[in-house]
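Derivation of every value follows stated rules applied to the coordinates shown; laboratory data play no part. Note that the structure is a prediction, hence the values are computed from the model and not measured. Reconstructed Cβ throughout: ideal geometry from the backbone, glycine too, with neighbour counts over all protein chains shown.
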Amino acid sequence: MRLTAEETAILDGKRGAGAAKAMGILHSLGRIADAEEMVEVGSVQVSGVSYKNIGEYGLAFLEDWAAMGNKAVVPAFMNPGGADRTLWKRLGFSADFVKKQEQVVAALEALGIAPLLSCTPYHAGTTPRYGEHVAWAESSAVSYANSVLGARTNREGGPSAIAAALTGRTPKHTLHTDEGRKPTRIVTVRCKVPGIADVGAMGFQIGKAVSADKKGGVPYIRGVAAPEAPIRVTWLKALGAAMAASGAVGLYHVEGVTPEAMKHGDELKRGVQQKSEIESLDEGYAALGTGKGPVELVTLGCPHASRDDLVRILGILNGRKVKAPLWIAASQVVREKAEAEGLAEKLRACGAEIVADTCMVVAPLKDLGLRTLATDSAKAAFYLPSHHDMNVYFGSTEENVEAAVTGRWPGSAG
Ligand code: F3S
């Protein structure tokens, strides 16, 4: 792998030990991936922020790196951590956990990484340009950046994202190249996919199909109409999140919808051998919705909600008060704006809470005494049973709001 003179100087420690360590990681990863060179990145999103996931070892790793003194040289921001930094007490998080979580945030801030604590940076002021190289880490954000925005990023791990932040570079391979962005499978959809849970169920099925022939494959989806704005963005982010969960998909194309399919659709489809069809969403719904008994918490906002999502949920609530807690995960930026325009107060009046800095998958929900959740997110429904041993209901946003209002899943015996 070729390094420029400047990259070699960084590797040799001319810019400090922290940057040298970073370049060493990127150089090794680039060689493993057969990259020929580095590419400069416009922004970096760092995952591995929740203390629940990284624990004491991860915290020590970050503190050691921060003590070397280097800082991010490009805009860099954090994925969600393990707790709402403002409302943690009211939501039931323990002071001990929050203290540890704050230490993680402090170590990352010392590395120059901003505490955005969100998986939807594009709802909080960071929207990469078409064709721009970035180094993002959270799987749904990676998918959105690649597929919907047409930016270019591989899915970074926690350390490789920090390394990209400290050097402004990442190895150029896979989704950074034209070749790596070609579809590996054409998926023809023969059923209607109007809602957020519908597209999540479809994404779950497509992710499984793509992972069967090539892990991290790239689907080219045809035959499906994306809904119009304002729900269109939420539909696309839900699709990417679901496929990333079930099939490690970092890029997808939707015919007539996503930018690379619009620009180069015929060229992209040429020569693709693998093909599959989706006739119904039953398989996805059956695999993701396994809940039983009364609903203890309804969690929306996976990926993190936009202002439009908050308005939509408020409309579905239509003034009704919730019986089971209803959390809507979003970034601090989105919550502050919702506070400023009175939207947050209207949601609170119904008993719904905008929860920032964290989400249902990376928060220590079991420690909060929770066992049975409901969600409209296929990604959350995919991970909660395996990562948290949770009992999960999965369905439309309307069914989730109904569950919050009544405390039981519509049509269930619970
Ligand atoms: Fe985001 Fe958490 Fe879902 S990081 S995509 S809200 S699992």
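Give me a comma-separated list of calculated 3J(HN,Hα) values for region 16-30, in order, Karplus coefficients 6.51, -1.76, 1.60 applied at θ = phi - 60°, integers in Hz, x for any Gly or Pro.
Once rounded to whole Hz, the list reads x, 5, x, 6, 5, 4, 4, 5, x, 4, 5, 4, 5, 5, x.
If I model region 337-414 as equal point scatterers sitting on the Cα atoms and use the Debye formula, what is log10 I(q)/I(0) at q = 0.11, 0.16, 0.18, 0.21 Å⁻¹?
Summing over Cα pairs of region 337-414 leads to -0.33, -0.69, -0.86, -1.09.
Compute log10 of I(q)/I(0) for region 234-304 with the Debye formula, placing one identical point scatterer on every Cα and leaving out solvent, at q = 0.16 Å⁻¹, to two decimals.
For region 234-304 at q = 0.16 Å⁻¹, log10 I(q)/I(0) is -0.80.
Please compute the contact order of region 268-361 in relative form: average sequence separation of alpha-carbon pairs under 8 Å and at least six residues apart, divided by the residue count, as a percent.
This gives 28 percent for region 268-361.
Just want to confirm a number: the relative contact order over region 177-303, from Cα pairs under 8 angstrom separated by 6+ residues, in percent.
Reported as a whole number, the value is 36 percent.
Rule-of-thumb check for region 1-68: C-alpha Rg over 2.2 N^0.38 Å?
Here the answer is 1.27, to two decimals.
Using 0.36 nm per residue of separation minus the Cα-Cα distance, give me the extension gain between Arg129 and Lys192 in nm, one decimal.
19.6 nm
Zone of Met262 (label point 7 Å along Cα→Cβ, backbone N under 12 Å): which residues in region 120-162?
130, 148-150
Provide the gained length on full extension for the span Lys275 to Glu339, in nm with one decimal, where the gain is 0.36 nm per separating residue minus the Cα-Cα distance.
18.3 nm
State, to one decimal in nm, how far the label point of Asp308 lies from the label point of Ala248, with both points 7 Å from Cα in the Cβ direction.
3.2
Cα-based Rg (one decimal) and Dmax (whole number) for region 289-406, in Å?
Considering region 289-406 through its Cα atoms, Rg and Dmax are 13.1, 38 Å.
Over the chain, one equal point on each Cα, no solvent: what is log10 I(q)/I(0) by the Debye formula at q = 0.06, 0.08, 0.10, 0.12 Å⁻¹?
-0.23, -0.42, -0.66, -0.95
I need the calculated FRET efficiency for the pair Asp34 and Ala229, taking r as the beta carbon distance and R₀ as 35 Å, to the nearest 0.05.
FRET efficiency, Asp34 to Ala229: 0.30.
How many nm is it between the label spots at Tyr57 and Asp282, if each spot is 7 Å from the Cα in line with the beta carbon?
4.4
Report relative contact order for the chain in percent, whole number only (criteria: Cα-Cα under 8 Å, sequence separation at least 6).
17
Across region 27-152, how large is the tail of the calculated P(r) beyond 24 Å, expressed as a percent of all Cα pairs?
The proportion of pairs with Cα distances above 24 Å equals 35 percent.
Quick one: Karplus J couplings for region 44-60, per residue in order, coefficients 6.51, -1.76, 1.60, θ = phi - 60°, nearest Hz, x for Gly and Pro?
Each residue's phi maps through the Karplus curve to give 9, 10, 9, 9, x, 9, 6, 4, 4, 8, 9, x, 5, 5, x, 4, 4 Hz.
Subtracting the Cα-Cα distance from 0.36 nm times the residue separation, let me have the gained length for Leu91 to Asp64 in nm, one decimal.
So the extension gain works out to 6.6 nm.
Add -39500 (n - 2.57) for each DSSP H run of 4 or more in the chain, then divide by its residues: what number comes out at 222 nm, to the nearest 500 deg cm²/dmol?
-13500 deg cm²/dmol
Residues in region 30-45, backbone N under 16 Å from the label point at Thr184 (7 Å along the Cα-to-beta-carbon vector): list them, ranges by number please.
Those under the cut-off are 33-34.
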